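Below: one structure, written as structure tokens.
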């Protein structure tokens, strides 16, 4: 059984925070504040005993009379059966190529992938921040129509026909 010595208790609340079952609450009196333990919710784990800086919470062992039934709050221990035989397999040797592959993949994931992702995101941001031309702002440029002087091959030279000497 766990109890609180109300005269030693300073009401700091360390035991309230330490109790996993929430069985401790602070009670205010006309003159002071002290801790009270709800015995029904208490699991007697003694976490509050360890947490109390004033050593105001104590655990008391109640002697049992022979033949008396004692109610235990602890979880039942499962019965152990005979151990089952297990098959033991030898460990496989890992090829050196796999260890190097793992190292390379770890390096790529740690160093290369973040840089590529950052540069792709920067390019995306630059493209998104470019103003889109509207129809009133843009000047449409059309190619000039071809004349007879412009050759079809796009070289920009005009060919002249010369008369050959000799009558033609």
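Applying the criterion of being loosely packed, with under 13 Cβ neighbours inside 10 Å and touching a strand residue (DSSP E or B) at 6+ places or on another chain (Cβ under 9 Å) to the residues of segment 18-40, the residue that is farthest from residue 71 (Cα to Cα) is 28. Of the residues 12, 48, the single one that is at pLDDT 85 or above, buried (at least 16 other Cβ atoms within 10 Å of the Cβ) and part of a loop (DSSP other than H, G, I, E, B) is 12. Output the number of residues of segment 91-121 satisfying the condition of being assigned to a loop (DSSP other than H, G, I, E, B) and under 21 Å from the mean Cα position of the chain (by Cα). Number satisfying all stated conditions: 0. Here the condition is being in contact with a strand residue (DSSP E or B) (Cβ under 6 Å, 6 or more places away or on another chain) and modelled with pLDDT under 85; of 59, 81, it holds for 59 alone.
The values are calculated or read from the model by the stated rules, or taken from the named source; none is laboratory data. Keep in mind the model is a prediction, meaning the values are calculated, not measured. For neighbour counting, all protein chains shown are included, and Cβ atoms are generated from backbone atoms with ideal geometry for every residue, glycine included.
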